[in-house]
1. Please work out if residue 10 is touching a residue at least 24 places away in the same chain (Cβ under 8 Å) and over 25 Å from residue 217 (Cβ atoms).
2. Take residue 253 and decide whether it is in contact (Cβ under 8 Å) with a residue 60 or more places away in the chain, surrounded by fewer than 20 Cβ atoms within 10 Å (Cβ to Cβ) and under 22 Å from residue 14 (Cα atoms).
3. Right, residue 201: within 15 Å of the chain's Cα centre (by Cα) and either outside any helix (DSSP H, G or I) or free of Cβ contacts under 8 Å to residues at least 60 places away in the same chain (or both) or not?
4. So if I check each of 118, 99, 11, which one is modelled with pLDDT under 95, under 23 Å from the mean Cα position of the chain (by Cα) and closer than 28 Å to residue 287 by Cα?
5. Return only the number of the condition from (1) in contact with a helix residue (DSSP H, G or I) (Cβ under 6 Å, 6 or more places away or on another chain); (2) assigned to a loop (DSSP other than H, G, I, E, B); (3) within 30 Å of residue 219 (Cα to Cα) that residue 318 does not satisfy.
6. For segment 146-184, which residues satisfy the criterion of being part of a loop (DSSP other than H, G, I, E, B) and either touching a strand residue (DSSP E or B) at 6+ places or on another chain (Cβ under 6 Å) or surrounded by 24 or more Cβ atoms within 10 Å (Cβ to Cβ) (or both)?
7. Within segment 77-90, does at least one residue satisfy the condition of being free of Cβ contacts under 8 Å to residues at least 60 places away in the same chain and farther than 28 Å from residue 148 by Cβ?
């Protein structure tokens with residue numbers, strides 16, 4: 001197929017575009033710069049690049065026509081954040097493209113009341129970003145079911161990690177000082193008793209699911225899927241596993257949210273709340289049964305790969321070297 005990937009030079013695209021090329025597809029990567037940041041991968045030499053300012057073209061109402069001008073069989077949209085933008089793209093592609101795939105988010109759900117969350121079964125989103133992602137997912141399901149509608153699929157990743165990516169840590173944020181404390185054996189002061197969950201996923205496993213969905217349109221059309229690791233990590237378990245990478249116990253010291261907010265920045269506190277308050281754990285039964293999704297990474301394996309890359313590239317200060 002000829003496949004347009006909107007946002008192809010991002011973290012998911014880093015793995016997805018080469019996957020599609022290796023599978024024999026013709027790929028067009030549409031980005032703001034029109035360039036590729038991953039020259040080391042030989043597959044990128046076979047990729048066509050198109051520079052486009054989506055925000056500006058969305059405002060002009062021309063973005064859909066720009067995508068359609070590439071004459072794709074399928075479109076994978078990794079950079080859509082509003083129902084208005086998604087609807088405009090659907091209306092432009094309807095009748096001219098065989099399949100649209102949208103990248104959503106696990107933040108389509110609010111705080112968890114029952115584990116695991118099945119597609120569309122979580123609580124209502126608690127921020128505008130999540131509400132927009134849920135609205136897009138529902139719109140695409142309805143579009144696929146309507147007579148003459150565009151075949152569409154939404155895929156909702158967890159907390160994405162991989163080489164070059166700063167992972168969500170046991171605090172539920174990206175505060176790099178947490179890794180220094182973990183590696184030094186200092187108990188991590190967390191606003192949690194340790195039972196809150198986070199659901200990570202390696203970027204290549206997200207790419208795997210997009211590839212499966214685009215290559216199995218009949219099974220994927222009108223569906224929404226979770227793209228996460230086979231299991232989720234609790235705060236306490238995550239800290240213990242991470243400590244073990246440095247030969248440390250990885251202990252936590254539970255504190256109140258009020259104490260935590262006094263000890264960190266407002267941004268880090270909000271980031272932690274966003275993750276720990278939701279306490280997500282998503283099911284992947286549906287993509288496994290319909291598409292054969294088989295994530296290669298457990299969450300701790302994916303995070304370790306991120307941490308190792310950051311240390312080796314002098315982007316993470318730790319007290320002790322990795323022992324694994």
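The values are calculated or read from the model by the stated rules, or taken from the named source; none is laboratory data. Computed from a predicted structure; not experimentally measured. Cβ atoms come from the backbone with ideal geometry, glycine included; neighbour counts cover every protein chain shown.
1. Spelling it out, it is not the case that residue 10 is touching a residue at least 24 places away in the same chain (Cβ under 8 Å) and over 25 Å from residue 217 (Cβ atoms).
2. Details: in contact (Cβ under 8 Å) with a residue 60 or more places away in the chain: yes; surrounded by fewer than 20 Cβ atoms within 10 Å (Cβ to Cβ): yes; under 22 Å from residue 14 (Cα atoms): no.
Taking the combined requirement at face value, the residue does not satisfy it.
3. Details: within 15 Å of the chain's Cα centre (by Cα): yes; either outside any helix (DSSP H, G or I) or free of Cβ contacts under 8 Å to residues at least 60 places away in the same chain (or both): yes.
Yes.
4. On the way: 118 fails: modelled with pLDDT under 95; 99 fails: modelled with pLDDT under 95.
From the options 118, 99, 11, the qualifying one is 11.
5. Among (1) in contact with a helix residue (DSSP H, G or I) (Cβ under 6 Å, 6 or more places away or on another chain); (2) assigned to a loop (DSSP other than H, G, I, E, B); (3) within 30 Å of residue 219 (Cα to Cα), residue 318 violates only (3).
6. Those that are part of a loop (DSSP other than H, G, I, E, B) and either touching a strand residue (DSSP E or B) at 6+ places or on another chain (Cβ under 6 Å) or surrounded by 24 or more Cβ atoms within 10 Å (Cβ to Cβ) (or both): 150, 151, 158, 162, 167, 168, 169, 170, 171, 172.
7. Scanning segment 77-90 turns up no residue that is free of Cβ contacts under 8 Å to residues at least 60 places away in the same chain and farther than 28 Å from residue 148 by Cβ.
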